[in-house]
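Right, one structure below, let's go through it.
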Amino acid sequence: MAGVRQIARGVLTGLCAVALVLSGTALGSEPEATPPPVYPVKRVSRAPLLDGILDDPAWEEVSFGVLEWNVDDGTLWTDVTDTEVRFKAVWREDALYLALLIDDDERFVDSEQPERSDRVVLYVTEYFGDAVGRWYTIPLFQSASLEDPDAPFVVWGQEGRTCEIRLDVEAMYAEPPEMGLNLFYMDADTGQPETRLGWVAPSTPYETPQGIFRFFQRLDPSTTLMTTWGRMKSLY
Ligand SMILES: [Ca+2]
Ligand SMILES: [Ca+2]
């Protein structure tokens, strides 16, 4: 046992040394910067069926990211009894698929002014040097963004507790295969000021912070046998 412990300690020491070298490199360039979060986007052999239900095999392959920041004051969001929002992402061919799981204690829809409803907001910069990203504002229960109401790409399920989104992107073929993205949830409740949750912490008031979606090319072998999922599911 002692031998094993010693080996483990040796490995740990080695890892610490590597970490120090890496952090030293980062510190040398930008001491204050917090590295943006990275979400690994797996490639799946069968795209999720966009029906608002997150029971597709593709979603079982990946972990949740969390919209953990209050973007208005830059603090960690802790009031999960009010709202808790998580997401998953996978890719297939030329599309990014997103699943959101939204626990909101009050689902608020303003049919006159949908921009005031509870809503999901995406901010995407797909290409290097693409300083001005694309915004997608998706009010609860709507299938398209306010920016382009004629192009539906969202399906809600479970009374607004879930949604599935398909975004056509080419970033998975870029070098490196990455894109910048932030996900927000604007929580509107009756008689309350809006609260805004984000995946990535705010940086400066003038900049929309982004994390990195990193696309992995290898096809996940555990999803290759699920190619009939959509067809089978339609029989239920
Ligand atoms: Ca689905
Ligand atoms: Ca709400």
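For region 33-82, taking Cα atoms only, what is the radius of gyration to one decimal and the Dmax to the nearest whole Å?
15.1, 41
Let me check against my output: what whole-number percent is the relative contact order of region 36-233, with C-alpha pairs under 8 Å and at least 6 apart? List each step's numbers first, then the result.
On the way: 455 pairs, mean separation 60.9, N = 198.
Once divided by the residue count of region 36-233, the mean separation gives 31 percent.
For region 30-131, compute Rh as the Kirkwood radius over C-alpha pairs and then the Stokes-Einstein diffusion coefficient at 4 °C and 1.567 mPa s; write the answer in µm²/s, rounded to an integer.
Values: Rh = 16.3 Å.
Estimated diffusion coefficient is 80 µm²/s.
I need the peptides 89-99, 148-158 ranked by packing, meaning the mean over residues of other C-beta atoms within 10 angstrom, with the highest value on top.
Numbers: 89-99: 19.8, 148-158: 14.3.
Sorting 89-99, 148-158 by mean packing, highest first, produces 89-99, 148-158.
Per residue of region 177-188, in order, report the coupling 6.51 cos²θ - 1.76 cosθ + 1.60 (Karplus, θ = phi - 60°) as ³J(HN,Hα) in whole Hz, putting x for Gly and Pro.
x, 9, 9, x, 7, 10, 10, 10, 10, 9, 9, 9
Apply the Debye scattering formula to region 36-233, with a single equal point scatterer on each alpha-carbon and no solvent, then give log10 I(q)/I(0) at q = 0.08 Å⁻¹.
-0.25
Of Y173, Y136, Y127, how do they rank once you tally other Cβ atoms within 10 Å and put the fewest first?
Values: Y173 10, Y136 22, Y127 13.
Placing the least packed residue first, the sequence is Y173, Y127, Y136.
Coordinate-derived values only; no laboratory data. Computed from a predicted structure; not experimentally measured. So basically every Cβ, Gly included, is an ideal-geometry build from the backbone, and we count neighbours across all protein chains shown.
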